[in-house]
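**Q** Here it is: the structure, laid out below.
The values are calculated or read from the model by the stated rules, or taken from the named source; none is laboratory data. Given the structure is predicted, the values throughout are model-derived calculations rather than measurements. Here the Cβ is made from the backbone with ideal geometry for all residues, glycine too, and neighbour counts use every protein chain on show.
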Amino acid sequence: MIRVTRLNGDHFALNPDLIEKVEGHPDTVAFLVDGTKYLLKESVDEVLQEIREYRAGILALSYEMDRRTYPLAVAEPVSDSSVLPFPSREER
C-alpha cells in the first residue's frame, strides 16, 4: 500500500495494484480499475515514486526471504502428517 493525501488533508493508504492511471490537471487524480477516482495532494511524480518504492520494497523483501536473511517468526511444528513443508529452491 502507498500513503497518499486527499485534498482536504486526510491521509489514507491506496493499493497501487488497483491504480489504472494517474493524471495531473492541475490536481492529481488517481483512477482505479473499478472507476473510483481520488483527488490527491501529491503530484503525479510523487505518486509514481511511491509506487516504485512500494514495488522495489516487495522485490527486496522477497530477495531477503529467498536468501533467508529476513527474520521470520519461528512457527510451532505442525503435527498433522498431511501437511508437507514447502521445498526450498535448493531442494527443487
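**Q** Given the criteria touching a Pro at 6+ places or on another chain (Cβ under 7 Å), at negative phi and either surrounded by 11 or more Cβ atoms within 10 Å (Cβ to Cβ) or modelled with pLDDT under 95 (or both), does residue 54 qualify?
**A** Judged against the criteria, residue 54 is a match.
**Q** For the stretch 23-36, how many residues are without any contact (Cβ under 8 Å) to a residue 24 or more places away in the chain, surrounded by 10 or more Cβ atoms within 10 Å (Cβ to Cβ) and assigned to a strand (DSSP E or B)?
**A** 7
**Q** Identify, by number, the condition in (1) at pLDDT below 90; (2) surrounded by fewer than 10 Cβ atoms within 10 Å (Cβ to Cβ); (3) not β-branched (Val, Ile, Thr) that residue 61 doesn't meet.
**A** (2) is the only condition that residue 61 fails.
**Q** Okay, next question. Looking only at the stretch 7-22, which residues are farther than 25 Å from residue 58 by Cα and touching a residue at least 12 places away in the same chain (Cβ under 8 Å)? Before you say what the answer is, go through the steps one by one.
**A** First pass over the stretch 7-22, keeping only residues farther than 25 Å from residue 58 by Cα: 7-10.
7, 9 - these are the residues of the stretch 7-22 that are farther than 25 Å from residue 58 by Cα and touching a residue at least 12 places away in the same chain (Cβ under 8 Å).
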